[in-house]
Amino acid sequence: MNLMWAGAGAVVGLLAGAWCRGVVFRLSVASGSPERTTCPRCTAPVRRWAAARCGRCGGSLGTPLVLELATAGVLALLAGRFAGQPDLVAFGFVGALGVALAAIDIAVQRLPDRLTLPAYPILIALLAVSAMAGHDVAALARAVLGGLVLATGYLLLALLRPGQLGGGDIKLAGLAGLALGWLGWPALISGAVLGFALSAVVSLVLLALRRITLHSAICFGPFLLGGALLAALLSGQ
């Protein structure tokens, strides 16, 4: 873990989290509902990006600093892990996007296509640049195949157990597969297993605390992303 790079990642993460707050606020609505475009207090229009507070009444758009600090923590870990490597930008992009998606999934249990689908060409392009810089075209091919494998695996699980996984989880799995496939098949397998393990542990804790029941539905996106993050960090060991 390179502490200098981790510190730089934390600073970038704070800025990225603040930049994403507006879109997280706008997209944190139930599936099929229109985006939130106005302040819930004074109905003033809200900017799409970099909107931490309402420009008219000054009300906070979401819990202050939570998104910023979470993004800072994730990018600090990733920057420390991939310090100075060509793929740092790609993994930083996935990290910042992942925090935003997790925040939306926790709030309203959805992973909007507005964020997941455009991320595919962006991530593939960033990994392609990394492949050219590192003269490692095989890693790019493995990343694409990894995305297909993980997305297909989630699709099969969704078909076998309807209602457990949604379309957003499948699309997010493809993104995670791209990133983890770039790192290698062991990282891909570890990330997939860790996601389900995290979900099981948290579910058991919530059941013990009687916060949920056996029939409750919980969002899976944050666990998928958490497993992918752990696998990416452990891949450097």
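The values are calculated or read from the model by the stated rules, or taken from the named source; none is laboratory data. Since we're looking at a predicted model, the values are computed, not measured. Note: ideal-geometry Cβ built from the backbone for every residue, glycine included; neighbour counts use all protein chains shown. The area values use the complete protein model at the heavy-atom level, side chains included, leaving out ligands, DNA and RNA. Shrake-Rupley method; radii C 1.70, N 1.55, O 1.52, S 1.80 Å.
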Quiz item: Condition test on Val24, is it within 21 Å of Arg110 (Cβ to Cβ) and either under 21 Å from the mean Cα position of the chain (by Cα) or without any contact (Cβ under 8 Å) to a residue 24 or more places away in the chain (or both)?
Solution: yes
Quiz item: From the set of residues in the stretch 197-210 that are over 24 Å from the mean Cα position of the chain (by Cα) and more than 20 Å from Gly163 (Cα to Cα), which is most open to solvent (accessible area, probe 1.4 Å)?
Solution: Arg210
Practice problem: Return yes when Arg36 is touching a Lys or Arg at 6+ places or on another chain (Cβ under 7 Å), open to solvent by 30 Å² or more (accessible area, probe 1.4 Å) and closer than 19 Å to Ala96 by Cβ and no when it is not. | Solution: no
Practice problem: Identify the residue in the stretch 39-66 that is open to solvent by 30 Å² or more (accessible area, probe 1.4 Å), among the β-branched types (Val, Ile, Thr) and under 27 Å from the mean Cα position of the chain (by Cα) and, among all such residues, is modelled with the lowest pLDDT. | Solution: Thr63
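Of everything in the stretch 97-115 that's touching a Gly at 6+ places or on another chain (Cβ under 9 Å) and surrounded by fewer than 21 Cβ atoms within 10 Å (Cβ to Cβ), which residue is farthest from Ser31 (Cα to Cα)?
Within the stretch 97-115, the subset touching a Gly at 6+ places or on another chain (Cβ under 9 Å) is 98-107, 109-113.
Retained after the next criterion (residues that are surrounded by fewer than 21 Cβ atoms within 10 Å (Cβ to Cβ)): 106-107, 109, 113.
Working: Ile106: 13, Ala107: 12, Gln109: 8, Asp113: 11 Å.
The qualifying residue farthest from Ser31 (Cα to Cα) is Ile106.
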Exercise. Output the residue which, of all residues in the stretch 211-225 that are open to solvent by 90 Å² or more (accessible area, probe 1.4 Å) and in contact with a helix residue (DSSP H, G or I) (Cβ under 9 Å, 6 or more places away or on another chain), is modelled with the lowest pLDDT.
Key: Leu214
